[in-house]
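The structure under discussion appears below in the form of structure tokens.
The values are calculated or read from the model by the stated rules, or taken from the named source; none is laboratory data. Keep in mind the model is a prediction, meaning the values are calculated, not measured. Here the Cβ positions follow ideal geometry from the backbone for every residue, glycine too, while neighbour counts run over all protein chains shown. The accessibility values were calculated without ligands, DNA or RNA, using every heavy atom of the protein model including side chains. Shrake-Rupley method; radii C 1.70, N 1.55, O 1.52, S 1.80 Å.
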Amino acid sequence: LHPHYVLQLLCETRRVLKLMPNITHLSTSYSKDITICGDLHGNLDDLLLIFYKNGLPSGQNRYVFNGDYVDRGKNSMEIIIILFAFFLIYPNNISLNRGNHEDYLMNMRYGFTKEVSNKYKV
């Protein structure tokens, strides 16, 4: 994705996240499923497999992502772009929780900062 569009996506996601409370309460019922995911660590194949098996996020197909989206794997940026795009489309049906790998120092140590620098040299 062109850096201009990535920046737009990041800015809009930040704007929406700032409007949300720090703690989100979720409830389920027998009639609605919710998929809970964690520790993707830059492995795009895992995310695509989850979507293949459970369906894409939608108004009727809710997801909770429990952090650690980035670092270690080679497709952390792609995962962030996909998750943020779905979050902007379905903000009430996708929860994005922060993990310890969504931290500057962890990103420096485990590779996300380097990946971003290599993919977006600007």
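Among the residues of the range 40-52 satisfying the criterion of being open to solvent by 30 Å² or more (accessible area, probe 1.4 Å) and either in contact with a strand residue (DSSP E or B) (Cβ under 9 Å, 6 or more places away or on another chain) or β-branched (Val, Ile, Thr) (or both), which is nearest to residue 92 (Cα to Cα)?
Step one: filter the range 40-52 for residues open to solvent by 30 Å² or more (accessible area, probe 1.4 Å), giving 43-46, 48-50, 52.
Filter once more, keeping what is either in contact with a strand residue (DSSP E or B) (Cβ under 9 Å, 6 or more places away or on another chain) or β-branched (Val, Ile, Thr) (or both): 46, 50.
Working: 46: 23, 50: 19 Å.
Among those residues, the one meeting the criterion is 50.
Among the conditions (1) among the small types (Gly, Ala, Ser); (2) in contact with a strand residue (DSSP E or B) (Cβ under 7 Å, 6 or more places away or on another chain); (3) open to solvent by 30 Å² or more (accessible area, probe 1.4 Å); (4) closer than 26 Å to residue 7 by Cβ, the only one that residue 85 does not satisfy is (2).
The conditions of being outside any helix (DSSP H, G or I), under 16 Å from the mean Cα position of the chain (by Cα) and not aromatic (Phe, Trp, Tyr) are not met by residue 13. Can you list residue pairs whose Cβ atoms sit under 6 Å apart, with the first residue in the range 15-28 being within 10 Å of residue 95 (Cα to Cα) and the second being β-branched (Val, Ile, Thr) and surrounded by 10 or more Cβ atoms within 10 Å (Cβ to Cβ)? Count only pairs 6 or more apart in sequence or on different chains. Sorted first by the residue in the range 15-28, then by its partner, the list stays empty. A single entry from 11, 37 fulfils the requirement of being free of Cβ contacts under 8 Å to residues at least 12 places away in the same chain and open to solvent by less than 90 Å² (accessible area, probe 1.4 Å): 11.
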